[in-house]
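Okay, structure first, notes after.
Nothing in this text is a laboratory measurement; each read-out follows from the coordinates by a stated rule. Quick caveat, the model's predicted, so the values are computed rather than measured. All Cβ positions, glycine included, derive from the backbone under ideal geometry; neighbour counts span all protein chains shown.
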Amino acid sequence: MSKCINCNKNEGSYEYSEGGYVCDECVKEYFVCPRCGKAFPKESGDAGNGFCEECSKEL
Ligand SMILES: [Zn+2]
Ligand SMILES: [Zn+2]
């Protein structure tokens, strides 16, 4: 596993949309898509229906 890209301290457990991983602590500052389980920036991650843009296309 690789280190969290946000704190660079804990092991990352969520895949980040821009590459790398985010840990359980820092993921609170991100939007996590319930379908693909990836972490996204909070401002742009939610496509408006609770899913990321990528998953919204397939809904
Ligand atoms: Zn972290
Ligand atoms: Zn998704």
- Message: Only four residue types carry charge here, +1 at the Cβ of Lys and Arg and -1 at the Cβ of Asp and Glu. Report the dipole size of the stretch 14-58 about the Cα centre in Debye, rounded to the nearest 20.
- Response: 120 debye
- Residues of type lysines that Lys3 reaches as a straight line, Cα spacing below 30 Å, ignoring anything fewer than 8 places off in the same chain: Lys28, Lys38, Lys42
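For every helix of n ≥ 4 consecutive DSSP H residues, a contribution of -39,500 (n - 2.57) applies; sum these over the chain, divide by its total residues, and give [θ] at 222 nm rounded to the nearest 500 deg cm²/dmol.
Taking each H run of at least 4 residues, the total per residue is -3500 deg cm²/dmol.
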- Message: Just want the ordering: Asp46, Asp24, from fewest to most Cβ atoms lying within 10 Å of their own Cβ.
- Response: Asp24, Asp46
- Could you give the length gained on full extension between Asn10 and Glu58, defined as 0.36 nm per residue of separation minus the Cα-Cα distance, in nm? 14.0 nm
- Per 10 angstrom bin, beginning at 0 and ending with the bin that holds the maximum distance, the Cα pairs of the stretch 14-58 fall in percents of 32, 58, 9
- Item | Among Cys55, Phe31, Gly20 - extreme Cα towards positive end, dipole of the stretch 14-58, charges at beta-carbon | Cys55
